[in-house]
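In what follows, a single structure is set out as structure tokens and then discussed.
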Amino acid sequence: MGWLLVTLGVAFGSAIVPLVNAELFVLGLCASQHDVHWLWLGGAVAVGQMAGKLLYYLAARGSIRLPRFLHDRLHRERPLTPRRVRWQRRTKVLRSKVEALRERCHRHPHWMAGTYGVSSVIGLPPFMATSVLAGMVRMRLSTFLAAGLAGRWLRFSLLAASPAIFAGWLH
């Protein structure tokens with residue numbers, strides 16, 4: 001039970017801070033601790049990840065406000081320096097693609113649910129980005145939680161079972 005609580009905490013942390021890698025933690029835990037069942041481990045990671053991604057979803061939806069220092073930093077007026085103008089020119093295509101994707105998701109909510117579900121399993125497009133996009137297009141909270149939880153559970157359960165599968169092949 002102790003390892004499941006630690007896993008839940010690491011998964012929550014990895015959902016908030018992308019530098020924390022839940023996949024490496026799960027593989028390391030499964031390689032060193034053989035008494036943790038892979039389905040329980042996958043469920044703990046899924047719940048922790050979804051709790052963290054829920055914060056991104058709610059912030060993108062506008063249901064929770066960012067801390068003042070972050071909000072002010074994101075929305076303050078900045079002087080146009082030559083460096084900033086170059087950056088805006090370089091990212092213009094990317095920003096237009098993101099805006100087109102956002103508009104498509106507004107027009108086709110089922111397409112967004114499918115993309116989000118696939119992202120929760122394979123990680124492409126990046127799960128953090130689709131979590132934010134889901135909030136921006138106001139995906140239903142129940143759809144967000146159900147698709148994300150199912151996909152993350154599948155992903156991390158398979159990952160947790162993989163050391164045992166490969167060990168069986170070697171013997």
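The values are calculated or read from the model by the stated rules, or taken from the named source; none is laboratory data. Since the model is a prediction, treat every value here as computed from it, not as a measurement. In this analysis, Cβ positions are derived from the backbone assuming ideal geometry, glycine residues included, and neighbour counts consider all displayed protein chains.
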When you check PRO163 against the structure, is it in contact with a Cys (Cβ under 7 Å, 6 or more places away or on another chain) and closer than 28 Å to ALA51 by Cβ, yes or no?
yes
Condition first: among the hydroxyl-bearing types (Ser, Thr, Tyr) and either touching a Ser or Thr at 6+ places or on another chain (Cβ under 8 Å) or not in a helix (DSSP H, G or I) (or both). Now tell me which residues in segment 1-42 satisfy that.
none
Given (1) at pLDDT 90 or above; (2) not in a helix (DSSP H, G or I), GLY135 misses just (2)
Any idea how many residues of segment 108-130 are part of a helix (DSSP H, G or I), surrounded by 10 or more Cβ atoms within 10 Å (Cβ to Cβ) and free of Cβ contacts under 8 Å to residues at least 60 places away in the same chain?
15
Pairing a residue in segment 50-68 that is under 16 Å from ALA146 (Cα atoms) and surrounded by 14 or more Cβ atoms within 10 Å (Cβ to Cβ) with any residue that is aromatic (Phe, Trp, Tyr) and modelled with pLDDT of 90 or more, where Cβ atoms lie under 9 Å and the two sit 6 or more apart in sequence or on different chains, gives MET50/PHE144; ALA51/PHE12; GLY52/PHE12; LYS53/PHE127; LYS53/PHE144; LEU54/PHE144; TYR57/PHE144
